[in-house]
Amino acid sequence: MCFEAKRLYRLALGPVLMLLAMVSAGAWAADGERSTVNMSPGVTEVGQTIFDLHMIILWICVIIGVLVFGVMFYSIIYHRKSRGVTPATFHESTTVEIAWTVVPFIILIAMAVPATKTLIDIYNFDDAEMDIMVTGYQWKWKYEYLNDAGENVQFFSSLSTPQSEILNAEAKGEHYLLEVDEPVVIPVNTKVRFLMTANDVIHSWWVPELAVKKDAIPGFINETWTLATEEGIYRGQCAELCGKDHGFMPIVVNVVSKEEYAEWLAGKQAEAAKIKELMAQTFSLEELVERGKGVYERSCLACHGANGEGGVGTAIAGSAIANGDMQGHLDVVANGVAGTAMQAFGGQLNDVDLAAVVTYQRNAFGNNMGDMAQPIDVYNFKNGQ
Amino acid sequence: MGAHHGPAKGLGRWLFTTNHKDIGTMYLWFSFAMFILGGAFAMIIRAELFQPGMQLVEPGFFNQMTTMHGLVMVFGAIMPAFVGLANWMIPMMIGAPDMALPRMNNWSFWILPPAFLILASTLLMEGGAPGFGWTFYAPLSTTYAPPSVTVFIFSIHVLGLSSIMGSINIIATVMNMRAPGMTYMKMPLFVWTWLITAFLLVAVMPVLAGCVTMMLMDIHFGTSFFSAAGGGDPVLFQHVFWFFGHPEVYIIILPAFGVVSQIIPAFSRKPLFGYDSMVYATASIAFLSFIVWAHHMYTVGMPVAGELYFMYATMLIAVPTGVKVFNWVSTMWRGAMSFETPMLFSLGFLVLFTIGGFTGLMLSIAPSDFQYHDSYFVVAHFHYVMVAGAVFSMTAAVYYWLPKWCGKMYNETMGKTHFWISFIGFNLTFFPQHFVGLAGMPRRIPDYALQFADFNMMSSVGAFIYGSSQILFLYNVIATIVSGKPTSEEKTWDGAEGLEWTVPTPAPYHTFETPPAVR
Ligand SMILES: [Cu+2]
């Protein structure tokens, strides 16, 4: 008896451990806002339906699991040789075979119906009130607000967690790896359509609470949409392996009231106008180097290293190009190097930033050219090609 | 049977052997070596993920580790392990003296180690090893790949060749060399599942070869199969890859089904329930595996009709898979069970594979998959089917047939300990990954946000436990071979059925030189 109980205990240990894990998981889920153990229904209707589908199928699996494992453990306990049982000899039954083919089939059909409905909903792109073009880059996102009236607003959004936190030199902040320099802003209660593409390799734009995951594929445009019903900050990440810094290209979406959104958009447009103005100005070497340092750290450091020592990209310190002809340098940065990870920054950086970063590279990391590129030089270079 | 001759002596025995048992043994040892290598890569991955922040490796190297881990485990550990098992067991199970094409058999093994040597050498190459994942999606694996990709392509070609030769051999053996009276519907299920697997392999390995050849053309010969800039399509890559890749996962799991279908009846002391339906279920799974590939691609932007079709077809797989699980449980029902190590691993398989099947069913629901896809939920799912499925059943197979192979008995206590440590370590590793995946952690990232920290640490601890339990396994096997208790019982297990249990123990170098009579 005691021996039997011990065996029983040992056999039950595995499932019990697992159940414990599940239960404790459920308890944690109760007090946090966004569950750390389960899918989030998020702040969209689609997200809620997806969540419901997920829970239904989960419960179906749990019930079937309890039945199957129940039968299994019953035989493990009662139909064991050590109890002196004689084994039965039956080995087929057409009736039960048919039953357990047909019953699951019916359950599947019952599951397929709501799934189909949800999928068709997700594929309904009609009546979008605004469009945002999302472009994946190694390793950042570009957002472009497409509107008929006036200038498009566009900007890049990249990881803002400092390298020192990643390398454990500093304590990690609350939104470690899920924070960006410039979040994408959308209005609440508005159907926003996202057009997805990529500049280099395949990326995937995933924000769990907006119930959106769509691949951004170079040369193709995918569409998807969301309709957030609650204001807030929602965070996500690139979901498709896209190279070295795949883990470091987060997404932050700021859902704000319609008024706030209008204000934000007007601000962005004014900013764009200001850049236009700056492009007509002439800067001193110091100004350019200072601005260029910021640009370098945001856009180039990942590949060329904090001290220009290189990495995925070639070294800038002592580089023949950064210490050579200005036109050649501008060419590499504006047009990239085909077939390598060096992208064309001509379309990514405005003329001021491009002039600044080139100037910086020529006058930093021990490079000492003393010359500089003005925004107008970049403008002329681009238009002279 | 006077003309017996034993194995040749020395290294030549292994280099030139055409004996199915020798070749099987080499396959098994090779796959175990690869299992340890792939496991070492996994340990590096889990060590880096032990805590948030980058501690041990560079992100680029981390990607190389995930890539090499996947490639080595799939192509180097699991597949060759089952081929080794097929080599040892199929002739003995169908009453054949050897494989039908013994010289090709020698070749299909011996091109394998060089292929993996070449693949492993990429780790030392300039630019590093492939870091684009075992699924190597273009253009990350073409335009943006390190130079070592060309070497990778070559090694894929070679190991594809090896698989195709191995499969042709198995097909030829099963179709032509069965003992008189061994009709198809009398074949042990392990033979059946391997026959079907071999057909899958012959069908899809050339597709993989085509896929990597297109990459090679894109990289070196100016074509644009996978580059939109030249009129190609990166999504085409995924269609071609998964047309190979989906059947591939069944290539891995079907022989595992075969193994547990041998072991569960043996330790239940009761015939397998629903033999015929097992055969039909295996065949339907194989058929369905060809028409569901794009369920790995729900987020690439297929038209809704395509999406629906792939969802329905994928859900259907649950039916034959369910039939199998129900049959195994019914086999145990009213049996007289005992729980030696092979049975424990088979039961571990049954429980955990079923959980993996459940998550698979969840993943098939396209709208929900938009949230699951490329998250740790998927990582948890496929490790439940690949590790707890394929690897557990393989381990069960080794314990089950080891006494027959070497005429010595392994240490049962150590075997059981191995099982329990594996079982606990495995679940500790992969169960929490369901949680972090659902909570939003993408796969293939070297560092993660703070809310995922606890479960990742748990996962890493589990992985170290599971990993180190394999040392116990290795020790147990070696100790058995070197100094195990000799046994000469023909039937090691009183409930075991099949021709392999009618030959002497240890199985002589040549078996069934005259065909047995099959009732
Ligand atoms: Cu990405």
statement: Scanning region A:258-289 for residues that are of a type in the set (Lys, Arg) and either closer than 16 Å to A:Glu182 by Cβ or in contact (Cβ under 8 Å) with a residue 24 or more places away in the chain (or both) gives A:Lys258, A:Lys268, A:Lys274
- prompt: Which residue pairs have Cβ atoms closer than 6 Å, lie 6 or more positions apart in sequence or on different chains, and pair a first residue in region A:185-201 that is within 11 Å of another protein chain (Cβ to nearest Cβ) and within 13 Å of the ligand (Cβ to nearest atom) with a second residue that is open to solvent by less than 20 Å² (accessible area, probe 1.4 Å) and of a type in the set (Gly, Ala, Ser)?
  reply: A:Met196/A:Ala216; A:Thr197/A:Ala216; A:Ala198/A:Gly136; A:Ala198/A:Ala216
- prompt: Does region A:71-91 contain any residue that is closer than 30 Å to A:Gln48 by Cα and more than 7 Å from every other protein chain (Cβ to nearest Cβ)?
  reply: no
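A quick yes/no check of all residues on (1) in contact (Cβ under 8 Å) with a residue 40 or more places away in the chain; (2) over 19 Å from the mean Cα position of the chain (by Cα); (3) open to solvent by less than 20 Å² (accessible area, probe 1.4 Å):
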site	(1), (2), (3)
B:Asn411	yes, yes, no
B:Ile424	yes, yes, no
B:Phe430	yes, no, no
B:Ala439	no, yes, yes
B:Ser460	yes, yes, yes
B:Gly467	yes, no, no
B:Gly484	yes, yes, yes
field: Those residues of region A:238-258 which are more than 7 Å from chain B (Cβ to nearest Cβ), more than 8 Å from the ligand (Cβ to nearest atom), open to solvent by less than 10 Å² (accessible area, probe 1.4 Å) and not β-branched (Val, Ile, Thr), in sequence order
entry: A:Pro250
query: For A:Val37, all conditions in the list (1) in contact (Cβ under 8 Å) with a residue 24 or more places away in the chain; (2) within 25 Å of B:Gln433 (Cβ to Cβ); (3) open to solvent by less than 50 Å² (accessible area, probe 1.4 Å) hold save one; what is the number of the exception?
result: (1)
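Of the residues A:Ile106, A:Ile64, which single one is at pLDDT 90 or above and surrounded by 19 or more Cβ atoms within 10 Å (Cβ to Cβ)? Before the answer, list the steps.
Numbers: A:Ile106 fails: surrounded by 19 or more Cβ atoms within 10 Å (Cβ to Cβ).
Only one candidate qualifies: A:Ile64.
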- line: Within region A:109-146, the residues that are more than 10 Å from chain B (Cβ to nearest Cβ), away from the ligand (no atom under 16 Å from the Cβ) and open to solvent by less than 20 Å² (accessible area, probe 1.4 Å) are A:Ile132, A:Tyr145
- request: Check whether at least one residue in region A:346-368 is surrounded by fewer than 18 Cβ atoms within 10 Å (Cβ to Cβ) and either in a helix (DSSP H, G or I) or hydrophobic (A, V, I, L, M, F, W, C) (or both), and report yes or no.
  value: no
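Hey, among the residues in region B:103-125 that are over 30 Å from B:Glu497 (Cβ atoms) and aromatic (Phe, Trp, Tyr), which one's least open to solvent (accessible area, probe 1.4 Å)? Explain how you work it out, then say what you get.
So in region B:103-125, the residues over 30 Å from B:Glu497 (Cβ atoms) come out as B:103-104, B:106-107, B:110-125.
So of that shortlist, the ones also aromatic (Phe, Trp, Tyr) come out as B:107, B:110, B:116.
Details: B:Trp107: 155, B:Trp110: 82, B:Phe116: 8 Å².
The qualifying residue least open to solvent (accessible area, probe 1.4 Å) is B:Phe116.
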query: Are there any helices (runs of 4 or more DSSP H) wholly within region B:1-102 with 1 or more residues that are buried (at least 23 other Cβ atoms within 10 Å of the Cβ), and if so which?
result: B:20-48, B:59-71, B:79-94
query: Which condition breaks for A:Glu170 when tested against (1) within 16 Å of the ligand (Cβ to nearest atom); (2) more than 7 Å from chain B (Cβ to nearest Cβ)?
result: (1)
message: Being within 16 Å of the ligand (Cβ to nearest atom) and not assigned by TED's automatic domain parsing to the domain that holds A:Pro183 is true for just one of A:Ala302, A:Ala334. Which residue is that?
response: A:Ala302
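The values are calculated or read from the model by the stated rules, or taken from the named source; none is laboratory data. It should be emphasised that the depicted structure is a prediction, and the values quoted were computed from it without experimental measurement. Heads up, the Cβs are rebuilt from the backbone with ideal geometry, glycines too, and the neighbour counts pull from every protein chain shown. The accessibility values were calculated without ligands, DNA or RNA, using every heavy atom of the protein model including side chains. Shrake-Rupley method; radii C 1.70, N 1.55, O 1.52, S 1.80 Å.
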